[in-house]
1. In the range 150-191, which GluC sites (Glu not before Pro) are in a loop and have at most 14 other Cβ atoms within 10 Å, using DSSP for the loop call?
2. Let me spell out the model: positive unit charges on the Cβ of Lys and Arg, negative unit charges on the Cβ of Asp and Glu, origin at the Cα centre of the chain. What dipole size does that give, in debye rounded to 20?
3. Just to confirm the number: angle between the C-alpha axis of helix 137-146 and the first principal axis of the chain, 0 to 90 degrees, nearest 10?
4. Given (i) 23.9; (ii) 23.1; (iii) 19.8 as candidate values of Kirkwood radius over Cα pairs in Å, which corresponds to the one derived from the coordinates?
5. Taking Cα atoms, how many degrees apart are the long axis of helix 316-332 and the longest axis of the chain, rounded to 10 and kept between 0 and 90?
6. Please give the length that would be gained between Glu70 and Gln131 if that part of the chain were fully extended, namely 0.36 nm times their separation in residues minus their C-alpha to C-alpha distance (nm, one decimal).
7. Determine, from the Cβ-Cβ distance of Gln62 and Ser189 and an R0 of 41 Å, the FRET efficiency 1/(1 + (r/R0)^6), rounded to the nearest 0.05.
8. Hey, rough spin-label estimate for Asp226 and Thr240, points 7 angstrom out along Cα→Cβ, what's it come to in nanometres?
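Throughout, read-outs are computed from the coordinates displayed, never taken from laboratory work. A quick note: this is a predicted structure, and the numbers were derived from the prediction, not measured. With ideal geometry, Cβ positions are generated from the backbone for all residues, glycine too; neighbour counts draw on all protein chains shown.
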Amino acid sequence: MRPKHSQAGIALMIVLLVVTIATVLSTAIAKNQSRTIGTASSYFDRAQAYYFARGGETFARQLLFRDFKEQPERDDLTEEWAALDLVFEYEGGEVQIYIEDLQGRFNLNQFVAGDQRTSLLSEKLSLMTAQIGLDPAWMDDLLDYTDIDGEVRLGGAEDYFYLGLDQPFRTSGQPLQDLSEIRMLRSMSSEGYARLSEVLTVTPAMGSSLNVNTAPAMVLQTLASDLSLEQANALIDRRTTAEGFDTVQAFLQQPELAGLAVKAEGLGVQSSFFKANIKARYENQTLYLTSFIYREPTTGEMTVYKRINNARFTIPLEVSEAEQGQDQETNGA
């Protein structure tokens, strides 16, 4: 028979082993519970951020509808919807809203669907391409990418080219659904896309006019081959001072356009297509929502025809604040 102290040692080892196993199991359970709670908390916070973002979308629609009721015949950048300080704070976070007028840019689908040989838009795109130093082949590439035939234009490319890439794909054979599609074109560079995204957009409507009250300088410059960027910026200064032009004729009478024979065709002062960029934060979760809004031009009825979740964007107010911070650091130094 073994001595009693030997049996006691074995019992002690068994007890220590049981305690060790229990400790390991309890630690693992606690970690799993903590991870589960953290995941659930993050999911809840993200869901809350999304609901606040949708609330921001609703507010953007209300702003646009109220603007239509107050002044249905025109839109300009002095109106409430175009403000850069649409920031709303609440307990645990905030919502920032930035609304863009898509008719302040050229609708690329009008170029795709139109008669390119006589289209005024084709002429403007060609002029803009030359002004910013892009490869003009991107226009032929785009037409080949969106048409349904297999004929290759002079500077274009059809399926046989794209199917030979390391990551092959076919041309779409339909109007553009999003401007980012032009990044697929054979002749499109990252720099070229960045420049074009400042002056181009994609909307489902054909025949929509360019709003001269919201168009940036690079767009206005394409109205005439002899119009310089400095003159285009001067037009914007006059537009700001006048708080927008009441009619296209009032715009065409500006001294910077004298003698340039700019046509009123394709120009307007009212818009129907808008993009609401909404950034919502709740606790540690930040969500980006981009909502494309159509406002019916006779009734003002609002329709959200497309939403994009979590496509990051920069709100001009944030850029301005960042620049101010850099200036303060420079002055302090």
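1. Answer in residue order: Glu151.
2. Numbers: 28 positive and 46 negative charges, 440 e Å.
Roughly 2120 debye for the chain.
3. Value to nearest ten degrees: 70.
4. The value computed from this structure is option (i).
5. Helix 316-332 sits roughly 80 degrees off the main axis of the chain.
6. 18.1 nm
7. 0.55
8. 2.8 nm
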